[in-house]
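Step one of this worksheet: look at the structure below.
The values are calculated or read from the model by the stated rules, or taken from the named source; none is laboratory data. Note that the structure is a prediction, hence the values are computed from the model and not measured. Glycine gets a Cβ as well: all are built from the backbone with ideal geometry, and neighbour counts include every protein chain shown.
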Amino acid sequence: MVAAMNQDDLLRYAVIGGAITVALLIRLRRIGRWQRLRPGLLWIVPTTFTLLAGSILWQFPPAGFDWLWLFVAFLAGGGLGWQRGRLTDIRRDTDSGDLLQRSSPTAFLFLGLLVVVRWALHGVIGLADARWHLGAMLISDIFIAFATGVLGLYRLELYLRARRLTLGMKRVL
């Protein structure tokens with residue numbers, strides 16, 4: 001049976017929806033603008049997030065087949081992160097020689113799709129929890145593994161393409 005939503009739930013959804021809207025509007029303003037890309041710094045965010053995820057998994061380790069859920073979530077997130085990286089344009093500035101990056105409008109739509117997928121997965125995993133008794137901690141771990149995959153492989157794709165450009169490849173895939 002589905003419980004009725006109370007006023008606190010509505011307020012929480014409104015705040016989260018507002019925060020996501022603001023974040024997407026900020027990203028929308030940046031679309032089409034070239035920004036400096038520093039390949040040497042691309043490792044910082046995924047490493048920090050991986051360390052945080054690792055510390056959570058170390059404190060509350062999943063058991064048995066729960067690791068399979070995390071592996072699948074990491075692979076799914078990694079695939080989406082890699083695709084998001086492919087949608088980012090990278091070029092070398094002819095004047096300064098700096099590497100520049102620009103998100104395409106498709107990348108913005110992809111970010112919106114990621115938000116929708118995350119909400120949909122939350123609902124699906126919630127239903128699976130009711131049927132398979134996954135537990136709140138495993139559901140949180142699944143989202144952490146998914147985010148780790150997205151961040152890590154997005155930045156890896158950017159790094160590999162930037163490295164190819166730096167090494168003198170003329171065509172960036």
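Structural remarks
- You will find that of Arg163, Arg84, the residue that is among the charged types (D, E, K, R) and modelled with pLDDT under 90 is Arg84 and no other.
- Within region 121-137, the set of residues being modelled with pLDDT under 70 and not in a helix (DSSP H, G or I) comprises His133, Leu134.
- Tally of residues being in contact (Cβ under 8 Å) with a residue 60 or more places away in the chain and over 17 Å from the mean Cα position of the chain (by Cα) across region 4-63: 14
- Of the residues screened, Leu156 is one that is within 25 Å of Leu41 (Cβ to Cβ) and either surrounded by fewer than 12 Cβ atoms within 10 Å (Cβ to Cβ) or at pLDDT 90 or above (or both).
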